[in-house]
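These notes are about the structure you will find just below.
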Amino acid sequence: SSKTFWTTTGMFPQELIIGFPKCVKINKVSIQCYLVRTLRIERSTSKDPVGFEQCVEKDLEHREGQLQMEEFPLPEFQATYLRFIIKSGFDHFVSVHRVMAEGT
């Protein structure tokens with residue numbers, strides 16, 4: 001829902017894990033967030049959310065008063081879980097408004 005979001009508790013790192021009902025092929029991940037400085041995306045193909053491996057890490061551009069909209073084209077890979085680690089922010093509190101994974 002565009003009316004909801006997830007916010008950090010004021011310290012870093014913070015993480016958010018998204019699970020799929022089964023292992024899926026993903027070729028692009030998009031995120032809309034606010035005041036995120038450094039973001040890492042990891043994946044797991046395990047049955048449980050363990051054994052994560054890093055896919056991408058990026059320093060995002062500061063956009064005061066606007067949502068940051070970032071796309072991460074990824075080589076086609078499989079994942080059962082995606083973990084988003086916010087390593088640092090431009091403020092004590094940051095927010096994630098939407099996460100989208102494209103693939104099959």
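The values are calculated or read from the model by the stated rules, or taken from the named source; none is laboratory data. On a predicted model such as this, the values are computed, not experimentally measured, just so you know. Cβ placement follows ideal geometry from the backbone for every residue including glycine, while neighbour counts extend to all protein chains displayed. When the accessible area is computed, the model is the full protein with side chains, heavy atoms only, and any ligands, DNA or RNA have been set aside. Shrake-Rupley method; radii C 1.70, N 1.55, O 1.52, S 1.80 Å.
So the values come out like this:
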| quantity | calculated |
| --- | --- |
| Residue count for the stretch 56-78, restricted to those that are more than 20 Å from residue 6 (Cβ to Cβ), without any contact (Cβ under 8 Å) to a residue 24 or more places away in the chain and in a strand (DSSP E or B) | 1 |
| Considering residues of the stretch 63-99 that are open to solvent by 80 Å² or more (accessible area, probe 1.4 Å) and not charged (D, E, K, R) only, the residue farthest from residue 24 (Cα to Cα) | 92 |
| Residues located in the stretch 1-38, provided they are among the aliphatic types (A, V, I, L, M) and in contact with a Lys or Arg (Cβ under 6 Å, 6 or more places away or on another chain) | 17 |
| Meets criteria (open to solvent by less than 60 Å² (accessible area, probe 1.4 Å), more than 13 Å from the chain's Cα centre (by Cα) and within 20 Å of residue 72 (Cβ to Cβ)) for residue 44 | yes |
| Residues of the stretch 9-41 that turn out to be closer than 21 Å to residue 60 by Cα and either more than 13 Å from the chain's Cα centre (by Cα) or among the aromatic types (Phe, Trp, Tyr) (or both), as a count | 7 |
| Of all residues making up the stretch 79-102, the number that are over 16 Å from the mean Cα position of the chain (by Cα) and either assigned to a strand (DSSP E or B) or free of Cβ contacts under 8 Å to residues at least 12 places away in the same chain (or both) | 0 |
| Checking residue 1 against (1) open to solvent by 60 Å² or more (accessible area, probe 1.4 Å); (2) modelled with pLDDT of 95 or more, the condition it does not meet | (2) |
| Subset of the stretch 23-55 (residues that are small (Gly, Ala, Ser), assigned to a loop (DSSP other than H, G, I, E, B) and either in contact (Cβ under 8 Å) with a residue 24 or more places away in the chain or under 24 Å from residue 4 (Cα atoms) (or both)) | 46 |
